[in-house]
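First comes the structure, then the notes that go with it.
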Amino acid sequence: DGGITQSPKYLFRKEGQNVTLSCEQNLNHDAMYWYRQDPGQGLRLIYYSQIVNDFQKGDIAEGYSVSREKKESFPLTVTSAQKNPTAFYLCASTQGYNEQFFGPGTRLTVL
Amino acid sequence: GIQVEQSPPDLILQEGANSTLRCNFSDSVNNLQWFHQNPWGQLINLFYIPSGTKQNGRLSATTVATERYSLLYISSSQTTDSGVYFCAVVDNYGQNFVFGPGTRLSVLP
């Protein structure tokens with residue numbers, strides 16, 4: 001089946017640790033996105049990538065980093081510089097400006 | 001950048017009732033989507049509708065691009081329709097999707 005997978009589903013992080021969230025797609029889409037959602041809020045863009053080996057900051061990139069070494073993969077690292085990382089993280093992909101598809105999300109909790 | 005507003009912010013319905021959700025945007029768009037976020041957080045694509053009207057079962061959507069709004073109609077609502085409905089747009093100049101704040105729908109049995 002074509003789609004987007006995210007892992008893990010739940011992630012717990014201690015203060016001062018970096019953690020990496022995985023996002024993989026087999027839709028052959030060029031563009032991939034990372035969003036953050038806080039409880040009761042909308043989606044905010046963290047980073048996006050239109051093509052392999054290129055990515056751009058979104059509205060809330062501070063404390064996060066990404067890489068795009070392969071078309072199908074767009075991992076997100078939440079660094080210790082992110083002061084309030086507890087949130088729901090969603091990955092998405094599109095082909096051009098067409099329909100955007102989302103993965104199931106990762107819930108990150110800082111202990 | 002483009003601004004996206006949704007109304008109402010919250011909506012409570014009895015099962016079987018109909019509803020209309022609205023999305024207003026501040027500039028021309030070349031992409032507009034409606035999503036339903038279920039209680040588990042999954043975002044489900046409802047419509048890709050930069051203009052015109054589409055229908056899918058009990059749901060339909062209309063986008064009037066020249067007047068900068070879109071409407072999502074839910075007929076004969078069911079408890080499984082509960083969740084948050086988001087509108088997202090890409091304007092004619094940007095590369096990113098901008099999401100509205102959402103409408104939280106609760107359908108009571």
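Here, each number is a calculation from the coordinates, and none is a lab measurement. Just so you know, these numbers come straight off a predicted model, no measurement behind them. Because the Cβ atoms are built from the backbone with ideal geometry, glycine has one as well, and the counts that use them run over all protein chains shown.
Placing one equal scatterer on every Cα of chain A and applying the Debye formula, the log10 ratio I(q)/I(0) at q = 0.10, 0.14, 0.17 Å⁻¹ is -0.25, -0.50, -0.74. In this Cβ point-charge picture (+1 for Lys and Arg, -1 for Asp and Glu), the range B:1-102 has a dipole of about 200 debye about its Cα centre.
Cα centroids of the range B:70-91 and the range A:1-56: 24 Å apart.
Shielding of peptide B:28-38 by partners, expressed as the average count of other chain Cβ atoms within 10 Å per residue Cβ, is 2.
Checking Cβ-Cβ separations below 4.7 Å across the protein assembly as shown identifies no cysteine lacking a candidate disulfide partner.
When the charge dipole of chain B is built from unit charges on Cβ atoms (+1 for Lys and Arg, -1 for Asp and Glu) and taken about the Cα centre, the candidate among B:Val64, B:Ser76, B:Gln33 whose Cα reaches farthest toward its positive end is B:Ser76.
Candidate cross-link partners of A:Lys70 among the aspartates and glutamates, defined by an alpha-carbon separation under 17 Å and a same-chain spacing of 8 or more, comprise A:Glu24, A:Asp30, A:Asp54. For the range A:29-46, backbone phi angles converted through the Karplus equation (6.51, -1.76, 1.60; θ = phi - 60°) give residue-by-residue couplings of 7, 7, 9, 9, 9, 10, 10, 10, 10, 8, x, x, 10, x, 9, 10, 7, 9 Hz, Gly and Pro being listed as x. Rg then Dmax, both in Å and based on the Cα atoms of the protein assembly as shown: 17.4, 50.
About its Cα centre, what dipole magnitude does the protein assembly as shown give when the only charges are +1 on Lys and Arg Cβ and -1 on Asp and Glu Cβ, stated in debye to the nearest 20?
Details: 16 positive and 18 negative charges, 77 e Å.
About 380 debye.
The calculated FRET efficiency for A:Asp30 paired with B:Ala65, based on their beta-carbon distance and R0 = 25 Å, is about 0.50. Residues whose amide H falls under 5 Å from that of B:Ile49, counting only those 5 or more places apart or on a different chain, are B:Leu32, B:Gln33, B:Trp34, with hydrogens built in the peptide plane.
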